[in-house]
Amino acid sequence: MAKALIIGTGAVATVGAQKVAQNYKVFSHLIIASRTKTKVDDLVSRCQKYPLQVMGETVDAENVDALVKLIQKYQPDIVMNLALPYQNLPIMEACIQTKTHYLDTACAEVRDHAGFEYGTQWVYHGRFKKAGVMALLGVGFDPGVTSVFAMYGKKHYFDEVHYLDILDANGGDHGYPFATNFNPEINIREITMPGRYYEAGQWKAIPALSQFHTYPLEEIGPRDMYLMYHEELESLVKFIPELKRARFYMSFGEKYLRHLRVLEAVGMTSTQPIMYEGRPIVPLQFLKAVLPDPASLGPRTKGKTNISVILRGYKDGQEKAYRVFNMMDHEEAYQETGAQAIAYTTGVPAMIGATLVVTGQWTGAGVFNVEQFNPDPFMDLLNQWGLPWKESFDPKLID
Ligand SMILES: NC(=O)c1ccc[n+]([C@@H]2O[C@H](COP(=O)([O-])OP(=O)(O)OC[C@H]3O[C@@H](n4cnc5c(N)ncnc54)[C@H](OP(=O)(O)O)[C@@H]3O)[C@@H](O)[C@H]2O)c1
């Protein structure tokens, strides 16, 4: 039996913690630590209806010494970082010092520079290896399941994959004129960066949200899918070296984009501090404070997500195409966990990744991405834990 320490009590942690608690045949102890005590107490009480020991603590996850003390106190088998990408590096540092497995759902970021790359975490490989423990990076849906989908398709249906497209569509409607489905600061930073994709051995950049394709999607209809950069492109290109092209698309509605463009035009999405009434404030952080809390979207959101990976390549000399996808209903997610589908589709894979590590199905010492392991047990657990997937062998392709 294993002990998990979850850091964070936001939307994703709300799902991740309850899924760990539901998996009480693997996890006997769950420790939930975050910086706001009331939120910790709420999440602990949600998880206490399951037959495992659940405890709460407060911690500043940017303080390595405090994290080390917390880990030493409870001696978890794995630390699941479900806080923010700003906390990845201090939590990794604490895991190295205490020789504890580590997992996160998004790659590390720093506050004053919009940009995300795995390089800042891959450099920890030698230290994790020396400590004899694993850091498993990017185990949400995207990144996370999208990479597992790609590796599963490659393993079972292709000798070589040449073209890869990821389509992340959210058909959910929360009724607000403008709100983000997860942490607004992280979400808006990622969307307003230039789009970037991989082609013919090079990374190519285009202005943010300047290219889209309309794609017909099961259950949610045709959606405008905008080309964006997303971190799993970096690991997929590394671990599927024969790829000729890899792109990531996300759906946005006209209303959302109109609001975003105005906010951007007036400077509200900037990460550079400005002086306001004698003190520095970061416009994007202020915007986060006035936007609806993503956790509050749960009871209002109706509709489904539809996230897929399309592969094209060769098997036994024949050209092949394949699409694998999951659809998740926002209201179903909310009924089960009190959080909407975006949080659900992130928290479930995080629990699955932790399960595979603590049960020794995915092993290794060092820093790893999910592409480096056998995708089959992960795919089985997706079906078992609420994120069933479907396949198509004649998908519509994007030029
Ligand atoms: N891979 C994917 O598919 C995917 C999809 C969506 C999100 N994500 C990632 O999931 C993570 C969580 O997203 P979310 O929507 O759950 O965010 P959220 O609702 O804003 O929650 C963040 C949590 O982190 C806690 N936190 C922040 N700073 C802290 C600190 N210094 N010390 C301790 N706790 C701290 C917050 O505490 P307070 O409650 O006190 O604010 C909150 O509980 C993010 O990294 C996001 O990028 C991944």
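Looking at Ile96, Ile91, just one residue is under 20 Å from the mean Cα position of the chain (by Cα) and either away from the ligand (no atom under 16 Å from the Cβ) or on the phi < 0 side of the Ramachandran plot (or both), and that residue is Ile91. Consider segment 139-166 and keep the residues that are assigned to a loop (DSSP other than H, G, I, E, B) and more than 18 Å from Asp394 (Cα to Cα). The one that is farthest from the ligand (Cβ to nearest atom) is Val139. Filtering segment 177-212 to residues that are within 16 Å of the ligand (Cβ to nearest atom) and either polar (S, T, N, Q) or more than 20 Å from Thr271 (Cβ to Cβ) (or both) leaves Thr180, Asn181, Asn183, Asn187, Thr192. Taking into account only those residues within segment 358-370 that are in contact with a Gly (Cβ under 9 Å, 6 or more places away or on another chain) and farther than 19 Å from Asp142 by Cα, which is nearest to the ligand (Cβ to nearest atom)? Ranking the candidates gives Trp362 first. Residues that are at pLDDT 90 or above and assigned to a loop (DSSP other than H, G, I, E, B) were ranked within segment 167-192; the one that is nearest to Pro216 (Cα to Cα) is Gly171. Regarding Val15, is this residue closer than 21 Å to Leu356 by Cβ, out of contact with any Cys (no Cβ under 9 Å at 6 or more places or on another chain) and within 16 Å of the ligand (Cβ to nearest atom)? The answer is yes for Val15.
Of the candidates Tyr50, Tyr24, the single residue that is farther than 27 Å from Glu190 by Cα, touching a Pro at 6+ places or on another chain (Cβ under 7 Å) and more than 10 Å from the ligand (Cβ to nearest atom) is Tyr24. In this structure, is Tyr322 within 16 Å of the ligand (Cβ to nearest atom), modelled with pLDDT of 95 or more and either assigned to a helix (DSSP H, G or I) or within 14 Å of Tyr152 (Cβ to Cβ) (or both)? The answer is no for Tyr322. Of all residues in segment 118-134, those that are among the small types (Gly, Ala, Ser) have Cβ atoms under 7 Å from Cβ atoms of residues that are assigned to a loop (DSSP other than H, G, I, E, B) and surrounded by fewer than 15 Cβ atoms within 10 Å (Cβ to Cβ), 6 or more apart or on another chain, in Ala131/Lys99; Gly132/Lys99.
Condition check ((1) surrounded by 21 or more Cβ atoms within 10 Å (Cβ to Cβ); (2) modelled with pLDDT of 95 or more; (3) under 14 Å from Ala354 (Cβ atoms)) across all residues:
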position	(1), (2), (3)
Ala4	yes, yes, yes
Gly8	yes, yes, yes
Ala11	yes, no, no
Val20	yes, yes, yes
Tyr24	no, yes, yes
Ser28	no, yes, yes
Thr36	no, yes, no
Met55	no, yes, no
Gln75	no, yes, no
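Among the candidates Asp104, Asp77, Asp65, the residue that is acidic (Asp, Glu) and either within 13 Å of the ligand (Cβ to nearest atom) or in contact with a His (Cβ under 6 Å, 6 or more places away or on another chain) (or both) is uniquely Asp104. Residues that are over 30 Å from Thr301 (Cβ atoms) and either polar (S, T, N, Q) or without any contact (Cβ under 8 Å) to a residue 12 or more places away in the chain (or both) occur at least once in segment 151-161.
Conditions (1) over 30 Å from Val161 (Cα atoms); (2) under 21 Å from the mean Cα position of the chain (by Cα), marked per residue:
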residue	(1), (2)
Phe286	yes, no
Ala289	yes, no
Pro292	yes, yes
Arg312	no, no
Glu319	no, no
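Can you confirm whether Phe248 is part of a strand (DSSP E or B), in contact (Cβ under 8 Å) with a residue 12 or more places away in the chain and under 15 Å from the mean Cα position of the chain (by Cα)? For Phe248, the condition - part of a strand (DSSP E or B), in contact (Cβ under 8 Å) with a residue 12 or more places away in the chain and under 15 Å from the mean Cα position of the chain (by Cα) - is met. Close Cβ contacts (under 7 Å, 6 or more residues apart or on different chains) running from residues in segment 100-111 that are under 17 Å from Gly16 (Cβ atoms) to residues that are of a type in the set (Gly, Ala, Ser) and more than 13 Å from the ligand (Cβ to nearest atom) comprise Tyr102/Ala135; Leu103/Ala354. Taking segment 271-316 as the region of interest, the strands (runs of 3 or more DSSP E) fully inside it that hold 2 or more residues being without any contact (Cβ under 8 Å) to a residue 60 or more places away in the chain are 274-276, 279-281.
Among the criteria (1) closer than 20 Å to Asn183 by Cβ; (2) more than 9 Å from the ligand (Cβ to nearest atom); (3) in contact with a Pro (Cβ under 8 Å, 6 or more places away or on another chain), the one Ile32 does not fulfil is (3).
Checking each residue in segment 199-239 for being within 18 Å of Glu117 (Cβ to Cβ), assigned to a loop (DSSP other than H, G, I, E, B) and in contact (Cβ under 8 Å) with a residue 24 or more places away in the chain picks out Tyr229, His230, Glu231. Condition check for Asp329 on (1) touching a strand residue (DSSP E or B) at 6+ places or on another chain (Cβ under 7 Å); (2) within 25 Å of Lys155 (Cα to Cα): one failure, at (2).
The values are calculated or read from the model by the stated rules, or taken from the named source; none is laboratory data. As the structure is a prediction and not an experimental result, all values here were calculated from the model. We place every Cβ from the backbone using ideal geometry, glycine too, and count neighbours over all the protein chains shown.
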